[in-house]
Amino acid sequence: MTQASICTIGDEILIGQIIDTNSSHISRALNSAGIRVTRMLSVGDDHDTIVNSLKTELENNSIVIATGGLGPTKDDITKAALAELSGSESFRTDSVQLEIIHDILGSRGLDVLDVNIAQAEVPDKCEVIPNRLGTAPIMVFRFPEAMFGHKATLYSLPGVPFEALGALDDILEDIRRHNPVSDICHRTVMTFGVAESALAKMIAPWEEALPEGMHLAYLPNALTGVRLRLSMYGEGNMEKEESMINSELAKLSVMLGDIIWSDRDDTMQECIGRMLASAGKTMSAAESCTGGMISSMMTSVPGSSEYYLGSVTSYANSVKTGVLCVPEETISSHGAVSQECVAAMAEGVRKLTGSDFSVATSGISGPGWGTNEKPVGTVWIGVSSDKGTETFMMRFKGDRKRNTEHFAAHALNFLRQKISKELNICQQVFKTIKL
């Protein structure tokens, strides 16, 4: 199987100034093309480190994709390091990329400076894939078998995510032309409400009995639960691999039941959106402790305006009573973090917006304001429809950010369950699997 390594270059990544998102996107693209990623690494802006690190990766992989260090400033030194690694003796100007540079800067009303023109200069032993989204070209270096014991190719991409990801189609096309690619079969299921360790214990007998060559990965996330991914690499028969994985996931569905909420690499908000859209229904939210996180999650889905009407971030009690019509007596008698208050919030926002369903949260994220009766991490969640309102109390132990994430995630999960039950929508998890 063709193997690849991904290397991000730049001090800004190592000091935490920016987050490396390129590697995850590139890895997914490579996997979908039948190429197995064996390693990801980040290196700083040091000439020798770049050369030595990339050399090591090329010795162990047929494909290396590097991003970063190709800007117009003096601290961008990747190009010089690649020239040394490839044994280039001079630089040449790539006319296509130079034309793109003139077009991009001209469209912005900017002068083309010497440093911009220099970006079109590339080592003489590289091929160029034009970067039509930016000024730095995509450089391709092909190494003969004699150099690393196997043929190897190095792709150097700009570090700007918009440009790097925009280049992936061209990169994948080039990889397919020059490398044998194998089938990689992945299937994902989403679980919620059971911690990773407890889940692993529940399914241990099933996991231990998986066929040879089938691999299980646990991928926990506070907002989506534990994602389980089954994979088979390069067995040579995609139809057979899919059938084997589907058979194992069918067994898993029997074991876990409604702990599984999706049979795809999904988010809770996407799942809720599909259910609402398919039934022509709408929702709204009333948030106190989650501070708009539920609204942000729901509206992150393209097309959410079809079913998401709006929200009220009722952080202050005066907004709970004045906008959501929570009775003042409810708050004075039971407190804002209570079953009675969150039920009134959910009903209030549903009536205010005219939505079919609503969800509400009120809790104590921390670090202060907790009591013995209502410690930090306590949240009340309400979900409402014209068929009734249900409430749930949960407690978590985390910092403010993590507690808020748990509050929002569990609120959406309770909403999902209510929508599914009341609309009699079968989640159809494993709809492609025949038991």
Could you tell me what percent of the DSSP beta bridges with both partners in segment 268-422 are antiparallel, to the nearest 5?
60 percent
Choose one answer from Glu145, Glu241, Glu347: the residue with the largest mean-square fluctuation in a GNM of the chain with alpha-carbon springs under 10 Å.
Glu145
For the chain: relative contact order, % (alpha-carbon pairs under 8 angstrom, 6 or more apart)
11 percent
Percent antiparallel among DSSP beta bridges confined to segment 3-178, nearest 5, equals 40 percent
I'd like the antiparallel share, as a percent to the nearest 5, of DSSP beta bridges with both residues in the chain.
60 percent
Net charge around Ile331, counting only other residues with Cβ within less than 14 Å of its Cβ (Lys, Arg = +1; Asp, Glu = -1)?
-1
To the nearest 10 degrees, the tilt of helix 22-32 (Cα long axis) against the first principal axis of the alpha carbons of the chain is 80 degrees
Comparing Met147, Met293, Met393, which has the greatest mean-square fluctuation in the GNM of the chain with Cα pairs linked when under 10 Å apart?
Met147
Please compare each pair in Lys125/Lys151; Lys281/Lys397; Lys351/Lys387; Lys281/Lys421 to a cut-off of 23 Å on the Cα-Cα distance and tell me which ones are over it.
Lys281/Lys397
With just the Cα atoms defining each centre, how far is segment 198-216 from segment 356-406? Give it in Å.
34 Å
Let me know the shape class of segment 1-69, please: from the alpha-carbon gyration tensor, a ≥ b ≥ c as square roots of the eigenvalues, rounded when a/c is under 1.5, otherwise prolate if a/b is greater than b/c, or oblate.
oblate
For the chain, with the dipole built from +1 on Lys and Arg beta-carbon atoms and -1 on Asp and Glu ones, taken about the Cα centre, which of Leu165, Ser253, Gly87 lies farthest toward the positive end?
Ser253
Please give the contour-minus-distance gain from Asn372 to Ala80: 0.36 nm per residue of separation, less the Cα-Cα distance, rounded to one decimal in nm.
98.9 nm
Pick from Asn60, Asn424, Asn246 the residue whose mean-square fluctuation is largest in a GNM of the chain, springs joining Cα atoms under 10 Å.
Asn424
Quick one: putting +1 on the C-beta of Lys and Arg, -1 on the C-beta of Asp and Glu, what dipole do you get for segment 268-422 around its Cα centre, in Debye to the nearest 20?
360 debye
Tally Lys and Arg at +1 and Asp and Glu at -1 over the other residues with C-beta under 12 Å from the C-beta of Phe357: what net charge comes out?
+1
Between segment 62-107 and segment 301-315, what's the alpha-carbon centroid distance in Å?
44 Å
Once fully extended, how much extra length lies between Ser300 and Asn179, figured as 0.36 nm per residue of separation less the alpha-carbon to alpha-carbon distance?
39.8 nm
Under 11 Å from a point 7 Å along the Cα-to-Cβ line of Asp46: which residues of segment 7-31 have their amide N that close?
none
What is the pair-distance distribution P(r) of the chain, computed from all Cα-Cα distances in 20 Å bins starting at 0, with each bin given as a whole percent?
22, 41, 32, 5, 0
By the C-alpha gyration tensor axes a ≥ b ≥ c (rounded if a/c is under 1.5, else prolate when a/b exceeds b/c, else oblate), the shape of segment 3-178 is rounded
Treating only the Cβ of Lys, Arg, Asp and Glu as charged (+1, +1, -1, -1), what charge dipole size does the chain show about its Cα centre? Round to the nearest 20 debye.
1600 debye
At a Förster radius of 41 Å, what calculated FRET efficiency corresponds to the Cβ-Cβ distance of Arg132 and Glu239, to the nearest 0.05?
0.65
Name the residue from Phe392, Ile65, Thr135 whose Cα lies farthest towards the positive end of the charge dipole of the chain, charges +1 on Cβ of Lys and Arg and -1 on Cβ of Asp and Glu.
Phe392
Three semi-axes of the equivalent ellipsoid, segment 184-262, Cα gyration tensor, whole Å, largest first:
22, 13, 11
At a threshold of 8 angstrom on Cα-Cα distance, excluding pairs fewer than six apart, so keeping six or more, what relative contact order does segment 184-262 reach in percent?
45 percent
Rounded to the nearest 10 degrees, the helix 95-107 long axis (Cα) sits at an angle to the longest Cα principal axis of the chain of 40 degrees
Asp266 to Val115: extension gain in nm, 0.36 nm per residue of separation minus the Cα-Cα distance?
50.0 nm
Over the chain: helical MRE at 222 nm, DSSP H runs n ≥ 4 each giving -39500 (n - 2.57), nearest 500
-12000 deg cm²/dmol
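A short reminder: the numbers here are calculations on the coordinates, not readings from a lab. Please read these numbers as outputs of a predicted model, since none were measured by experiment. For neighbour counting, all protein chains shown are included, and Cβ atoms are generated from backbone atoms with ideal geometry for every residue, glycine included.
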